[in-house]
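K.L.:
Take this structure first; my questions come after.
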Amino acid sequence: METLHTTNMDSAIGPLFLAASSHGLVALEFDARLPGQQSIRPNPRHLREEQEGFRFEDSARRMRPYFTELEEYFAGRRREFTFPLDLRGTDFQLACWRALLAIPYGETRSYADIARAVGKPNAFRAVGMANNRNPMAIVVPCHRVIASDGTLCGYGGGLDVKRKLLELEGALSGTLAA
């Protein structure tokens, strides 16, 4: 059984849950989940409950490097995360998440842009589903993906959180602010 080290963090956008393996960050989740939204946790109130071969161990000390970089990000002092990631998904999801990681701080891309980036130009709906399954909010920046018409759409933390993250990064234009 794999042990995942965990911690909770209060942030400018609300409570966050972080989990890491011995290889890197596995999950960064919003405390509140939308119905049907995936989570590494069976229930945020049961952090020690075993699920899918995981054992959760609360460890603020081991999670400190992740916590520190996220604090710096929310304070506007960090544009890139340097801690290791332990991405787990299908080949297509991993390709999409890597494309998200390539979106520079302060910029946005459309779902169609990401579909083209992964070599599947007509797969923008599948890209949307891969974004929906992104286990690392903020760090794998699916908040930087917008609709082709420039409007905000779909985000696991809600559109208000998406807007706040884009404002923090200076990525909101007049079109996006609507």
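Please treat every number below as a calculation from the coordinates, not as lab data. The structure displayed is predicted, hence computed values, not measured ones. Using ideal geometry, Cβ is built from the backbone for each residue, glycine included, and neighbour counts are taken over all protein chains shown.
K.L.:
Please report PHE67, PHE81 as a ranked list, fewest other C-beta atoms within 10 angstrom at the top and most at the bottom. Present the calculation step by step, with values, prior to reporting the outcome.
P.N.:
Numbers: PHE67 17, PHE81 21.
Least crowded to most crowded, the residues run PHE67, PHE81.
K.L.:
Still on this structure: Angle check, please: helix 60-74 long axis (alpha carbons) against the longest principal axis of the chain (alpha carbons), in degrees 0 to 90, nearest 10.
P.N.:
20
K.L.:
While we're here: Can you tell me the orientation of helix 159-168 relative to the chain, as the angle in degrees between its alpha-carbon axis and the longest Cα principal axis, to the nearest 10?
P.N.:
80
K.L.:
Please give the length that would be gained between LEU101 and GLU57 if that part of the chain were fully extended, namely 0.36 nm times their separation in residues minus their C-alpha to C-alpha distance (nm, one decimal). Write down the numbers at each step before the final one.
P.N.:
Values: separation 44, 0.36 × 44 = 15.84 nm, distance 2.76 nm.
Answer, rounded to one decimal: 13.1 nm.
K.L.:
Pulled fully out, how much extra length does the chain show between ASP31 and ARG64, if you take 0.36 nm times their separation in residues and subtract their Cα-Cα distance? Kindly include the intermediate steps, with their values, before the conclusion.
P.N.:
Working: separation 33, 0.36 × 33 = 11.88 nm, distance 1.85 nm.
Residue separation times 0.36 nm, minus the Cα-Cα distance, leaves 10.0 nm.
K.L.:
Also, quick follow-up: May I ask for the net charge around MET9, where only other residues with Cβ less than 10 Å from the Cβ of MET9 are counted and Lys, Arg are +1 while Asp, Glu are -1?
P.N.:
-3
K.L.:
Which angle between 0 and 90 degrees, to the nearest 10, do you get for helix 91-101 versus the longest principal axis of the chain when only C-alpha atoms count?
P.N.:
Relative to the chain, helix 91-101 is tipped by roughly 70 degrees.
K.L.:
How high is the relative contact order of the chain, given as a whole-number percent (alpha carbon pairs under 8 Å, six or more residues apart)? Before the final figure, lay out each step's value.
P.N.:
Values: 268 pairs, mean separation 39.2, N = 178.
In percent, rounded to a whole number, it is 22.
K.L.:
With unit charges on the beta carbons (Lys and Arg positive, Asp and Glu negative) and the dipole taken about the Cα centre of segment 91-177, which residue among GLY106, THR151, ASN132 sits farthest to the positive side?
P.N.:
Final value for the positive-end residue is ASN132.
K.L.:
How many angstrom lie between the C-alpha centres of segment 125-143 and segment 91-114?
P.N.:
Using only Cα atoms, the two centres lie 8 Å from each other.
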